[in-house]
Amino acid sequence: MSHATPAPPEPPSLLTRLTRPREIGRERLALRYARRTVTVPIYLAAFVLNTAAAPIFLLAALTGDLARRRGTIFARCILALWAYLAVETFGLVLFLPLWVLGQGSEHRRLALHHWFARVWARWVFWSIVRLFEMRVEVEGDEAAAEGPVIVFCRHVSPVDNLLPLVFLEGRHGLWLRWVMNSWLVRDPCIDFVGHRLRSTFLTVGSREGSRQIAKVSALGDNLEAREGVLVFPEGALFTPIRLARAVRRMRRSGDEEEARLAEGLRHVLPPQMGGALALLERAPDADVVFCAHTGLEAGSYRSLLAGGIFQQQVRIAFWRVPRTEVPADVDGRTTWLLAQWRRVDGWIEENTLNGN
């Protein structure tokens, strides 16, 4: 009778290691690396081209501005694009040292990459503010910045992605786990840092609703005192058309009470309940912070060229709701979250200036 020792299993091949799934709902590594071989060279080349041709681009922009007689918006947009590409290039050069310095210590790795996220967000946000001569007022950020918290933020412009990073993480050191649109991985710095921190990317319109909800709720695990989860519960940029569609979907689904609460909204979309409720369930000790803002409604990429945010007044408010005030049952939480979102909508209505 043979008692030969069984042969040890063969280690997985390089191809297997590159294509294995990473955590729940994570993309395959091969796809991630393939994407970066495209996006990184494009961004680096764009920075070099914009720097080398800056005099030509600025002269053309100023000529266009003079022809339109509407200030120097085109020139400001050229400078804003250069500032954005500059910080992207800085980040791409820095990521290898950050990766090396973060080896051997999970806490050090997270600290280094949160530091980079703060620097990147501040650079992008304040360069836009200064180039377009915007005025910014913030209230409530001190009380909102102590974790653990779940942060629900209004979403009306690509620029408002930066607000919690600038005013909660940047000012007060709150480490945020982000829930982001998967479209943002086209930005190399967001791609790199988002996958090195405890964050997740969602595909808008995906039919894998349960998997995406699981990805969001997983961010609530083991939240520490200095941590928070950042969510944009509307799931898309606000437009009146999207609001009307959302109310119609609620009525078709038989959610008459939710539709009734949502149809009174004027400035925000109703929150998508699946991920928000799952996150509240997964992080039972976390308080809830809401972020309302106004002044960035014309902050879309197209509106920038039209001067939509030039000299705008931006008002931002954070308020914190203790966890003891959040209902324990699902129905109660649903009604409570909709009521809080109506409060966000009401704050925007009260603080909108000059038709912003």
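Please name all residue pairs, on different chains or six or more residues apart, with Cβ atoms under 6 Å, provided the first residue is in the stretch 36-54 and is among the aliphatic types (A, V, I, L, M) and the second residue is assigned to a helix (DSSP H, G or I).
Listed pairs, sorted by first residue: Val40/Pro188; Ala46/Leu85.
Specify the residue that is surrounded by the most Cβ atoms within 10 Å (Cβ to Cβ); the eligible residues are those in the stretch 54-70 that are among the small types (Gly, Ala, Ser) and within 31 Å of the chain's Cα centre (by Cα).
Top of the filtered list is Ala61.
In the stretch 271-282, is there at least one residue being exposed (fewer than 13 other Cβ atoms within 10 Å of the Cβ) and over 30 Å from Trp115 (Cα atoms)?
no
Quick test of your reading of the structure: Asn50 fulfils all but one of (1) modelled with pLDDT under 90; (2) assigned to a helix (DSSP H, G or I); (3) more than 24 Å from the chain's Cα centre (by Cα). Name the failing condition by number.
Here Asn50 clears every test but (1).
Sort out which residues of the stretch 177-225 are of a type in the set (S, T, N, Q) and within 14 Å of the chain's Cα centre (by Cα), and write them in order of number.
Of everything in the stretch 177-225, those that are of a type in the set (S, T, N, Q) and within 14 Å of the chain's Cα centre (by Cα) turn out to be Asn181, Ser182, Ser199, Thr200, Thr203.
Scan the stretch 118-126 and tell me whether some residue there is of a type outside the set (A, V, I, L, M, F, W, C) and under 22 Å from Val159 (Cβ atoms). Give the steps one after another, and end with the answer.
Pass one, the stretch 118-126, residues of a type outside the set (A, V, I, L, M, F, W, C): 118, 122.
From what is left, the residues that are under 22 Å from Val159 (Cβ atoms) are 118, 122.
Yes, that holds for at least one residue.
With the condition kept exactly as written, say whether any residue in the stretch 95-104 is within 21 Å of Ala286 (Cα to Cα) and either surrounded by 15 or more Cβ atoms within 10 Å (Cβ to Cβ) or of a type in the set (Ser, Thr, Tyr) (or both).
There is no residue in the stretch 95-104 that is within 21 Å of Ala286 (Cα to Cα) and either surrounded by 15 or more Cβ atoms within 10 Å (Cβ to Cβ) or of a type in the set (Ser, Thr, Tyr) (or both).
Kindly evaluate Arg108 against the criterion of being over 25 Å from Leu280 (Cα atoms), modelled with pLDDT of 95 or more and either part of a strand (DSSP E or B) or basic (Lys, Arg) (or both).
Working: over 25 Å from Leu280 (Cα atoms): yes; modelled with pLDDT of 95 or more: no; either part of a strand (DSSP E or B) or basic (Lys, Arg) (or both): yes.
When the stated conditions are applied, Arg108 does not pass them.
Just to verify a result, which residue in the stretch 175-226, among those that are at pLDDT 90 or above and of a type in the set (Asp, Glu), is surrounded by the fewest Cβ atoms within 10 Å (Cβ to Cβ)?
The residue in question is Glu224.
With respect to Ala117, determine if the residue is surrounded by fewer than 21 Cβ atoms within 10 Å (Cβ to Cβ), small (Gly, Ala, Ser) and either part of a helix (DSSP H, G or I) or without any contact (Cβ under 8 Å) to a residue 24 or more places away in the chain (or both). Quick ask: steps written out before the conclusion?
Working: surrounded by fewer than 21 Cβ atoms within 10 Å (Cβ to Cβ): no; small (Gly, Ala, Ser): yes; either part of a helix (DSSP H, G or I) or without any contact (Cβ under 8 Å) to a residue 24 or more places away in the chain (or both): yes.
No: the conditions fail for Ala117.
Go through (1) within 27 Å of Asp221 (Cβ to Cβ); (2) out of contact with any Phe, Trp or Tyr (no Cβ under 7 Å at 6 or more places or on another chain) one by one and return the number of the condition Trp123 breaks.
Single failed check for Trp123: (1).
Name the single residue, out of those in the stretch 335-345 being under 23 Å from the mean Cα position of the chain (by Cα) and crowded, with 16+ Cβ neighbours inside 10 Å, that is nearest to Leu162 (Cα to Cα).
Once the filter is applied, the top-ranked residue is Val344.
Limited to the stretch 135-147, what total is found for residues that are of a type in the set (A, V, I, L, M) and either at pLDDT 95 or above or assigned to a strand (DSSP E or B) (or both)?
2
Conditions first: (1) closer than 23 Å to Ala111 by Cβ; (2) among the charged types (D, E, K, R); (3) crowded, with 17+ Cβ neighbours inside 10 Å; (4) touching an Asp or Glu at 6+ places or on another chain (Cβ under 7 Å). Glu169 passes all but one, so which condition is the exception?
With (1) closer than 23 Å to Ala111 by Cβ; (2) among the charged types (D, E, K, R); (3) crowded, with 17+ Cβ neighbours inside 10 Å; (4) touching an Asp or Glu at 6+ places or on another chain (Cβ under 7 Å) applied to Glu169, the lone miss is (4).
The values are calculated or read from the model by the stated rules, or taken from the named source; none is laboratory data. From a predicted model like this one, the values you see are computed outputs, not experimental measurements. Cβ coordinates were reconstructed from backbone atoms using ideal geometry, including for glycine residues, and neighbour counts include every protein chain displayed.
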